[in-house]
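Asks: Before anything else, here's the structure in question.
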Amino acid sequence: MALVSINELPENILLELFTHVPARQLLLHCRPVCSLWRDLIDVVTLWKRKCVLEGFITEHWDQPVDNWKIFYFLCSLRRNLLRNPCAEEDMGSWRIDSNGGDHWKVESLPGDHGTDFPDPKVKKYFVTSYSTCLKSQLVDLKAEGYWEELMDTFRPNIVVKDWFAARADCGCTYQIRVQLVSADYIVLASFEPPPVTIQQWNDATWTEVSHTFSDYPPGVRHILFQHGGKDTQFWAGWYGPRVTNSSIIIGHEMTGNPAASTAQLEQRQGQEEAAHRPSALPLHRPF
């Protein structure tokens, strides 16, 4: 029996085969094979089909997407970039910037004079004391898989969220600061609302803070997240604001130029093989 080249298969069969090949392997090893494979791998249908198979969209998705390949990678990378957001690992992964009063502490929900968190899966929170307590994380975007061209050309939305609450029997002040910074730690965009003061004898309700960075300048390589506060009664112990369920999520919405070339995408995939190793950057950079 004569050997038959795989390229003699109908294109729709080749597309179906490529649909089941891991995306990085498609770009690293399959796309360079020949012009036929390159053209098929660049077809919109392939990346839309991969999005359906992996549950990123449904068959009936009707929202416009300008670049399905980039959309796929943004969906596959999407997750909370902050580690230990709900205090399940005590203070692990957080840098303590200020540890005033009786220092940071982890407590279980709802806590004394507290209320249940809206999401029952969240079981713990961080709590501050009678002098300023601040903690932070530095997110290395390249180490998390977000290569330079993706951030500079497409500039996907960066959504930051945090939750805070006071004890019902004590007032407190809560603060948050989030900065998008360059490789040289130059601040390119910032979210730093005025501190929020809650009066004593409040309802201890959990409040969500949310901010979306969009259309930010090129050059973003790190995200600095810092929050905390202190109580207003200066009571010994842990009567300051409680914080939990913090998140930094890069979405699939893009505010850059979606029609720009993605030729460098394939060149970056080799570097991404090690993308999810822990960041080598020190967490002692000041805000």
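Asks: For region 1-66, run through the GluC sites (Glu not before Pro) and keep only the ones in DSSP coil with at most 10 other Cβ atoms within 10 Å of their Cβ.
Replies: Glu59
Asks: Using every pair of alpha-carbon atoms in the chain, split the distances into 10 Å bins beginning at 0 and state the percent of pairs per bin, rounded to integers.
Replies: Bin by bin from 0 Å, the calculated values are 6, 25, 27, 20, 13, 7, 3, 1, 0.
Asks: What does the convex hull of the alpha-carbon atoms of region 95-253 project to on average, in nm²?
Replies: Over all viewing directions, region 95-253 projects a mean Cα-hull area of 9.4 nm².
Asks: Which of the aspartates and glutamates could a cross-linker span from Lys50 if the Cα-Cα distance has to be under 14 Å and same-chain partners fewer than 8 positions apart are dropped?
Replies: Glu16, Asp42, Glu59
Asks: Could you tell me the center-to-center distance, by alpha carbons, between region 156-177 and region 1-38 in angstrom?
Replies: Answer, in whole Å: 50.
Asks: At a 1.4 Å probe radius, carbon and sulfur cover how many percent of the accessible area of the chain?
Replies: 52
Asks: Quote the relative contact order of region 9-77 in percent (integer), defining contacts as alpha-carbon pairs under 8 Å separated by 6+ residues.
Replies: 28
Asks: To one decimal place, what Kirkwood hydrodynamic radius in Å is obtained for region 9-77 from all pairs of distinct Cα atoms?
Replies: 12.3
Asks: Let me cross-check Phe234: its accessible surface, 1.4 Å probe, with only protein heavy atoms counted, in Å² to the nearest 10?
Replies: Rounded to the nearest 10, that gives 140 Å².
Asks: When the chain is modelled as a GNM with alpha-carbon springs shorter than 10 Å, which of His60, His113, His211 fluctuates the most?
Replies: Most flexible of the set in this elastic network: His60.
Asks: Further question: Give the lysines whose C-alpha is closer than 17 Å to that of Lys123, dropping any in the same chain fewer than 8 places away, or say none.
Replies: Reachable lysines: Lys105.
Asks: Using a probe radius of 1.4 Å on heavy atoms only, what accessible surface per residue do you get for the chain? Whole Å² is fine.
Replies: Each residue of the chain exposes 49 Å² on average to a 1.4 Å probe.
Asks: Once the dipole of region 95-253 is set up with Lys and Arg at +1 and Asp and Glu at -1 on Cβ about the Cα centre, which of Trp201, His252, Gly219 lies farthest towards its positive end?
Replies: Trp201
Asks: Output the relative contact order of the chain, whole-number percent, from Cα pairs under 8 angstrom with separation of 6+ residues.
Replies: Reported as a whole number, the value is 23 percent.
Asks: Let me ask something else about it. Mind telling me which of Arg38, Arg177, Arg242 comes out most flexible in a GNM of the chain, alpha-carbon contacts under 10 Å?
Replies: Of the options given, Arg38 has the highest mean-square fluctuation.
The values are calculated or read from the model by the stated rules, or taken from the named source; none is laboratory data. Computed from a prediction, not measured in an experiment: that's the story for all the values here. For neighbour counting, all protein chains shown are included, and Cβ atoms are generated from backbone atoms with ideal geometry for every residue, glycine included. Areas reflect the complete protein model, heavy atoms only, side chains present, ligands, DNA and RNA absent. Shrake-Rupley method; radii C 1.70, N 1.55, O 1.52, S 1.80 Å.
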